[in-house]
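Have a look at the structure below, then the notes.
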Amino acid sequence: MSAMPDDPRAQEKISAATMSPLKPRRIVIVGGGFGGIAAARSLGRCDAEITLIDKRNHHIFQPLLYQVATAYLAPADIAAPIRQLAQKQKNLSVVLAEATGVDLASRSVQVRTPAGDTRNVPFDFLVVATGMQPGYFGHNEFAKYAPGLKTLSDAETIRTKILSAYERAELTDNENERSRLMTFVLVGAGPSGVELAASMAQMSALTLRGNFRRIDPANSSIVLLDGASRILPSFAESLSRKAAWRLEKLGVKVLTSMKVERVDEQGIIANGQRIPSATVLWTAGVTPSPLVKTLGASTDRAGRISVGPFMDVPGVSGIFVIGDTASAFRNGKPLPGVAQVAIQQGRYVGRVIADLLEGKQPGRPFAYFDKGNMAVIGKNFALLESGRLQMSGFLTWLVWAFIHIMSLPQLQNRLRVQIQWLWSYLTGQRSSRLISEAPSAQVVSAQPVQTADLRTLTPGSPLKVKAPASSTPA
Ligand SMILES: Cc1cc2nc3c(=O)[nH]c(=O)nc-3n(C[C@H](O)[C@H](O)[C@H](O)COP(=O)(O)OP(=O)(O)OC[C@H]3O[C@@H](n4cnc5c(N)ncnc54)[C@H](O)[C@@H]3O)c2cc1C
């Protein structure tokens, strides 16, 4: 349940008192991700005008973004046009625009279109499902050197950064520079960081094997670091240990209890130690879309809206927040920022709004059904935790592959991904090894390393890590 059983708000009623007298009612959904699409679909039979606003024209299947970043898949394989997903739902219109604010007084959402015009979209009911964006724990200056992985263009930027680093390493005669170019650092060892690191390790060992004449990509150094004392903290400790073992086996250096102090064009400094690297990737923190601030509602430490038992914004009639943007609890523990939570909340809120439109009080508060947690660590190995069940290895990897194929948004995505996976499985090749544009100073810095007074780490050298000062970020 989103509310604890003893939460007095679980007894609350929500009303639709501020509905306009006009019909049909207007329902606005901001965000065409997992939560927003689920909410729109569950309102399919409603006598209402639904407007789905998204700043992108496509829905992204984020769990496979890391495969776009590592050249397995092309962007279109894991994305679907929101208009196409909405095609058959006649009460649903799609607006391509960025929502910039919510005006509670006039009950409207302010939007900015791609052409730069601003408009107000009035609503009787509003569902905010804007997800999260990369967050740098107050160090936004890191963003320039350490891209996050949240959008298709982030994935393409990362792919270009990785492939360009190998191209430059092949050309340079400077040994330090070659070592910097072939060192890849990932900050954040949650599922995204772990999956990305494993995929990069296998790309360097298998896919790029024999492709270069002056370097051997298998000698790359892939470093996965985190502020916490163990990787995959959302999994049981035994699975987290298995994940670390598997990563080490693939050649990834796992460093825990590392506090990132600086990210710059030469690499990263963590716990006082400089790791020269041309490719630092950010898979650590996330922060909500700036839109949520304009709701003026109370938030948790991560900036997510603290929702009521019906996924409603307490004290404001007819506004709901779902998915990653919402802070909700189950048995006293915060619900994780995963697709299942967003989908179930989207469907639930659709039903609540349908009830309110019919003048009925919604039934039960939101209750999350936990189907379990999965992470894949390279070819043939995945982890699964579901209640007391813990699994890992090849069979789990098959389950992971099946679930992900079946969850892709459209049949064409499923067919394309299956073909790409089969090809890669049999040949080790990856079909999307494209450098989107010529390497620029911003993509890969060409400057030589200057680390005279700093301890350095070179690929293959033993790691000497100081005891942790504290366990953030990540
Ligand atoms: C790399 C990565 C890997 C992941 N892997 C997994 C996994 O394996 N399993 C799992 O369950 N979960 C995974 N997740 C988490 C999962 O993707 C999220 O929990 C889920 O997407 C949340 O759904 P949502 O609807 O809240 O937000 P999202 O799906 O992020 O959708 C938000 C939408 O809002 C739009 N938007 C944002 N701001 C605005 C605005 N101001 N105006 C208009 N539109 C706006 C965005 O364009 C986007 O379409 C992963 C996430 C990432 C980033």
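The values are calculated or read from the model by the stated rules, or taken from the named source; none is laboratory data. Since the model is a prediction, treat every value here as computed from it, not as a measurement. Cβ atoms come from the backbone with ideal geometry, glycine included; neighbour counts cover every protein chain shown. These accessible areas exclude ligands, DNA and RNA; they are computed on the full protein's heavy atoms, side chains included. Shrake-Rupley method; radii C 1.70, N 1.55, O 1.52, S 1.80 Å.
When restricted to Cα atoms, the chain yields an Rg and a Dmax of 23.3, 74 Å, respectively.
Taking 0.36 nm per intervening residue step and subtracting the Cα-Cα distance, what contour gain separates residue 112 from residue 96 on full extension?
Full-extension gain reported as 4.9 nm.
Could you give the distance between the Cα centres of segment 42-97 and segment 317-341, to the whole Å? For segment 42-97 versus segment 317-341, the Cα centre distance is 20 Å.
Translational diffusion of segment 308-422, estimated by Stokes-Einstein from the Kirkwood radius over alpha carbon pairs at 10 °C in a medium of 1.306 mPa s, is 96 µm² per second. A run of the chain free of exposed loop cleavage sites, with trypsin sites (Lys or Arg not before Pro) counted only in DSSP states other than H, G, I, E and B and at most 12 other beta carbons within 10 Å, reaches its longest extent at 91-212. For segment 310-359, the spread of Cα positions along the three principal axes, ordered from largest to smallest, is 32, 22, 19 Å.
By the rule of a C-alpha distance below 29 Å, with chain neighbours fewer than 8 residues away ignored, the lysines paired with residue 150 are 55, 88, 161, 242, 249, 253, 259, 293, 333, 371, 379.
Distant-in-sequence amide contacts of residue 135, defined by a placed amide H-H separation under 5 Å and a gap of 5 or more residues or a different chain, comprise 285, 286, 287. For the chain, with all protein chains in place and a probe radius of 1.4 Å, 52% of the accessible heavy-atom surface sits on carbon or sulfur. The local environment of residue 376, defined by Cβ-Cβ distances under 14 Å, has a net charge of +1 under the rule Lys, Arg +1 and Asp, Glu -1. Report summary: the helix-based calculation at 222 nm, which adds -39500 (n - 2.57) for every DSSP H run with n ≥ 4 and divides by the residues of the chain, gives -8000 deg cm²/dmol.
Using only Cα atoms, locate the centre of segment 218-269 and the centre of segment 108-136, then give the distance between them in Å, rounded to an integer. Cα centroid to Cα centroid, the span is 36 Å.
Using the Cβ-Cβ distance between residue 120 and residue 213 with R0 set to 56 Å, the FRET efficiency works out to roughly 0.40. Taking each residue as 0.36 nm, the span from residue 300 to residue 265 lengthens on full extension beyond its C-alpha to C-alpha distance by 9.3 nm.
The HN-Hα couplings worked out from phi for segment 232-237 by the Karplus form 6.51 cos²θ - 1.76 cosθ + 1.60 (θ = phi - 60°) are 6, x, 7, 9, 4, 4 Hz, whole numbers, x standing for Gly and Pro.
Over all directions, the projected convex hull of the C-alpha atoms in segment 189-250 averages 4.3 nm² in area.
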